[in-house]
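For reference, the structure discussed in these notes is given below.
The values are calculated or read from the model by the stated rules, or taken from the named source; none is laboratory data. Here the structure is a predicted model, which means the values were calculated and not measured. Positions of Cβ are generated from backbone atoms using ideal geometry, with glycine treated the same way; all protein chains shown enter the neighbour counts.
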Amino acid sequence: MSTANQESGQASPPNLISVGLGELYITNKPELTLAAFALGSCIALCAHDPVAKVGGLAHIVLPALPLSLKSNGEIPPGKYADKALPEMIVRLERLGASRERFIFKLVGGAAVLSGAGILSGPSGPIPSRLDIGRRNVQGVINALFQAGFFPVAADFGGQAGRTVFFWPTNGKMRVRTLRGEERDY
Amino acid sequence: MAESQNLALKPEFIPKLSSFIRVGVEKAIDALSKMVGQEVRLMALEIELVPASDLLVWLTDEQTPTVGVYVLSSNSPSGSCHLMLLFTTQDAISLAQMLVPFEAAATLPGNDAQLTELQVSALSEAGNVVSSYFLSHLEKAAGLEMYPMPPYVVYDMTGAILDTVIADLSTYGEASLVLDTAMTTEGHQLRGQFLVMFDSIALEKLEEAIK
């Protein structure tokens, strides 16, 4: 995790916290902006409690810890959707949030290797092992449903990478793409 | 960040692996030189064992607009690897102009940079040649049977292009071996990166083969 003011054509907000792959960041500081840069198949799951004015962002890489891997060490808290959500809830509640008021938004899950960004490639669908964006979206939504939540906003799928900014204490989210699109949620 | 398995390659293995890999990279770059008709020089070769989650931090500015030529090796008992040529849009155009010098321009979405269909096809072929030579070296010298699948040429932010690769590597194990190669030419100021990312299965096989 790093504070950064990265720019790529458009200015980034001040007091920026870049939430890297597999990281989870929760805060109640209104001056902070959380960001996940250049999401392809990854998902940024953003959470917010409008009363407690607490929020956070998890940068999810995969839907679940693969069965073939045994976890005998520290797992990055935001890496797997099925682990990230419960951890996110615990940390939000620690800062005074209440699960009855949680609002979730999600961004990402693109298939960058299968669409608009592709200048050339094999015809037909991408190999299933690279169809990770779709699996991530399913994984995050499943995890939310199982915990009794539903995302109020989602900007997911498609073929273009996205950068997301999230203001954790007011719940606003901004999505940018390389093609200059900007959408607020 | 020691999450799961196999971040424990023996330190003494790295230099051995490094010189073995260097030969493969030199063969691949030499093949690219022949293709473009002028010498492409290997400027730097870094080899590092990196947890998949840290790859982006290690590699680059994730928001940079990038043209990536990506080749996945077919899945085999030898594991798999991801090969990626990364260029700024301007460098991709330079390489494309070297490959097909008399092509007119087209437009990349959201960018002033321009590549024609034929130039894109030429970049794809460059990815094919580079990856084939590299994988062929792995097979001849270490018995690793990994064959290149058809290349993708993609234009997006570097991080967005790479995070599918990173997620895939994470599926097979947390360790990945990354080769970060800078190359350049005389006349065209071409700079690019050649990344090779092995999954943990391929890493184990490599270690067995060349220890």
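A few remarks follow.
- Enumeration of residues in the range A:127-185 that are out of contact with any helix residue (DSSP H, G or I) (no Cβ under 8 Å at 6 or more places or on another chain), more than 24 Å from A:Leu16 (Cα to Cα) and polar (S, T, N, Q): A:Ser128, A:Gln138, A:Gln146
Yes/no matrix, rows are residues, columns are (1) acidic (Asp, Glu); (2) at pLDDT 95 or above; (3) surrounded by fewer than 19 Cβ atoms within 10 Å (Cβ to Cβ); (4) closer than 28 Å to A:Arg101 by Cα:
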residue	(1), (2), (3), (4)
A:Thr3	no, no, yes, no
A:Ser8	no, no, yes, no
A:Pro13	no, no, yes, yes
A:Ile17	no, yes, no, yes
A:Leu32	no, yes, no, yes
A:Ile43	no, yes, no, yes
A:Ala47	no, yes, no, yes
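- Residue in the range B:17-34 that is at the interface with chain A (Cβ under 10 Å from one of its Cβ atoms) and either crowded, with 24+ Cβ neighbours inside 10 Å or in a strand (DSSP E or B) (or both) present: no
- Applying the condition of being among the polar types (S, T, N, Q) and under 13 Å from B:Val165 (Cα atoms) to the range B:65-89 and asking which residue is farthest from the other protein chains (Cβ to nearest Cβ) yields B:Ser73.
- Scanning the range B:55-64 for residues that are facing chain A (nearest Cβ under 9 Å), over 19 Å from B:Leu206 (Cβ atoms) and surrounded by 19 or more Cβ atoms within 10 Å (Cβ to Cβ) returns B:Leu56, B:Glu62, B:Gln63.
- Screening the range B:115-211 for helices (runs of 4 or more DSSP H) wholly inside it with 3 or more residues that are over 18 Å from the mean Cα position of the chain (by Cα) returns the ranges B:117-142, B:200-210.
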